Amino acid sequence: MTEYSIIVKDLRKKYGDIEALRGVTFSVRRGEIYGLLGPNGAGKTTTIHILTTVIRPTSGYAEVAGHDVVKEPDEVRKRIGVVFQDITLDLNLTVYENLWLHGKIYGIPSNELKKRIEEVLDLIELKDWKNKLVKNLSGGMKRRVEIARALLHRPEVLFLDEPTLGLDPNSRMKIWNYIKMLKKEYNITILLTTHYMEEAEQLCDRIAIIDRGKIVAEGSPEELKSIIGREVIYVKFTGTPPISILKTLEHVRDIKLIDKNRIEITVDNAPKALPEIIEVFYKTGAQIEEVSYKRPTLNDVFVYLTGRELREEESNFNEHLRMIMRRRYLT
Amino acid sequence: MRWVSVIGAMALRQLKRFFRARARALSTIMMPLMWLLLFGIGFSTAFKGIGFRSVIGTSYISFLVPGIVCMTMFVSSFMSGISVIWDRQFGFLKEVIVAPAPRTFIIIGRVLGDVTTSLIQATLIMMIGVAIAQNLAIYNIPIALLYCLLLGMIGAGLGTMLALSINSIEAFQALVSFIILPLNFISNIFYPLNRMPIWFKIPALLNPITYATDALRILLIHRGAIGLGPDALVLIVLASIVLVAGAYMFRRTSIE
Ligand SMILES: Nc1ncnc2c1ncn2[C@@H]1O[C@H](COP(=O)(O)OP(=O)(O)O)[C@@H](O)[C@H]1O
Ligand SMILES: [Mg+2]
């Protein structure tokens, strides 16, 4: 038993000319929730697919639960549970039948299977729905069934590819709670991907920020934010801002005039910098009307590292399209 | 072997899906029913007394029933291969692909389930045939169904292989209508093998439906051209080849 449940070294994947992964390296500790945070097309799903033995890498090494994903895929398969980005339930079977079929395919003996199905149905609070056809369930419920199914064979490592993609806030909260509970009660190792920064921040012990097939930073949410090492202070004022004097202050790193009476001051230690800034304004006779200050978010970290946004708006739009397409297909 | 239960579970799944899509089941059984009722009865009444009996030794409708039963069996099991494409499009194939169960067992389960649904349809057609033809040797029906089972395995195996290699519902349906019609006509379903010219007989003898139909004729109306033994041999060999090839293809399938 090693300390790590997942070890990934210089993983590369090419689809024709497209380089989906350009040398990805990371390790996930046993019992940890590890997040891959990145925008659409970053390579999250490709990474999950390789680690779950669905596709083979072009080069590089990956090990899950102590087994090489390329050389011993069956050993890996026995030890993992997977919730893919898109629904993989049989829509024409009931919730119970889906779980039962999964149990059979994973070789769980019948009496044991019955017990475990009740157990996971309890966990995801869908007991009353067990005899409903999956196609009649809401998106959030389908997701919950998939999580239940992935846990049925008691995997060592659970993969969740964008577990709350396209769900309403309510369902999202529910799923977050289940994931937190899993960590507390089952001590399972979880690798999840997301492009929602709150999700990564809420759930993950450690996060790797991935962009264009490469990991650009890794650490706990706090560590990642401290990469920026900066906080931003906004001052609304009347009069002439003392820009040249502000620039000389010890903790001030950057100054930007937003419009003629608002200024954005980037500092590396807001609690210390604030009194100094206020004093400078006071001394030069400019009037402060409002002061606010913002801690960096993971999105800021992403912007800082890549020069681009995580682009929630755009991806929300794509998701929306996708949902419409799916709905059309499924009815 | 704990994986053996995978076969039963997958077979049951195919059955459940079949019974939940009754409209589809009804539409696959409509075609052979039309052939049997409209063509069979129409043809034999229109040409009544012209001497069919002297050629085939029985009424045309009795001659036709075994052929239409085999047609039902083959077409329906071949079409069931399409479920692989549905599973790919709706994601369920991924659930199977990440499972540790040997894929050979998964595919065998699928094929068994699909063949069972086809067998149900063929039995229905057989019962209707028995009712209208009246002089069939009913006591041989169980053995006849065994030949149907073999034919179904060939059909389901071929259908699955086609589905695995094209991945598009539209293309599959287009190809099916392109393949099925000639396959039904270049066989002994509608005409006796021993009255065929040689250029027709050779392709008909390459068609698995011919052997099943021949066996069913021997069993049900006591007329055949090949023999129960050779028919069984050909069907068993073909079914084995198709299933091994199908399992090989399914093992290598990916979702890239
Ligand atoms: N099957 C495929 N064929 C070709 N390109 C692909 C395929 N799957 C993914 N890609 C490309 O690889 C890149 C990474 O995709 P993906 O791993 O799905 O990203 P993410 O899950 O982070 O959104 C994207 O540019 C995507 O277009
Ligand atoms: Mg993805």
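List B:114, A:254, A:17 from most exposed to least, where exposure is judged by having the fewest other Cβ atoms within 10 Å.
Least to most surrounded, the residues fall as A:17, A:254, B:114.
Grab the Cα-Cα distance for residue B:50 and residue B:89, subtract it from 0.36 nm times how many residues apart they are, and report the gain in nm with one decimal.
So the extension gain works out to 8.7 nm.
What's the magnitude of the charge dipole for chain B around its Cα centre, counting Lys and Arg as +1 and Asp and Glu as -1 at the beta-carbon? Answer in Debye, nearest 20.
280 debye
Taking the Cα centre as origin and putting +1 on Lys and Arg beta-carbons and -1 on Asp and Glu beta-carbons, what dipole magnitude results for the stretch A:1-102, to the nearest 20 debye?
280 debye
Taking the 0 to 90 degree range and rounding to the nearest ten, how far is the long axis of helix A:169-186 tilted relative to the main principal axis of chain A, both from C-alpha atoms?
Computed tilt is about 70 degrees.
Reported to two decimal places, what Rg/Rh ratio describes chain A when computed on Cα atoms with Rh from the Kirkwood expression?
Result for chain A is an Rg/Rh of 1.08.
So how far, in whole Å, is the C-alpha centre of the stretch A:98-127 from the one of the stretch A:205-259?
Rounded to whole Å, the Cα centres lie 49 Å apart.
Considering the options B:239, A:275, A:215, tell which one lies farthest towards the positive end of the dipole of the protein assembly as shown, charges being +1 on Lys and Arg and -1 on Asp and Glu at the Cβ, about the Cα centre.
Checked the options; the winner is B:239.
With N set to the number of residues, divide the alpha-carbon radius of gyration of chain B by 2.2 N^0.38 Å and report two decimals.
1.03
Give the distance, in whole Å, between the Cα centre of the stretch A:49-73 and the Cα centre of the stretch B:104-173.
When both Cα centres are located, 39 Å separates them.
Starting with the fewest neighbours, write out A:251, A:195 ranked by other beta-carbon atoms found within 10 Å of each beta-carbon.
A:251, A:195
Give me the dipole magnitude in Debye, nearest 20, for the stretch A:229-283 about the Cα centre, with unit charges on the beta carbon: positive for Lys and Arg, negative for Asp and Glu.
The calculation lands at about 180 debye.
Provide A:234, B:139 in ascending order of the number of other Cβ atoms located within 10 Å of each residue's Cβ, fewest first.
B:139, A:234
Wrap a convex hull around the Cα atoms of the stretch A:97-227, take a quarter of its surface area, and give that in square nanometres.
It is 9.1 nm².
Projected onto the charge dipole of the stretch A:1-85 (+1 at Lys/Arg Cβ, -1 at Asp/Glu Cβ, origin at the Cα centre), which of A:62, A:81, A:27 gives the Cα projection farthest towards the positive end?
Selected residue: A:81.
Above 33 angstrom, tally the Cα pairs of the protein assembly as shown and express them as a % of all pairs, no decimals.
56 percent
Each reported figure results from applying straightforward, stated rules to the coordinates on display, with no laboratory input. Small disclaimer: the values here were computed from a predicted structure and weren't measured. Positions of Cβ are generated from backbone atoms using ideal geometry, with glycine treated the same way; all protein chains shown enter the neighbour counts.
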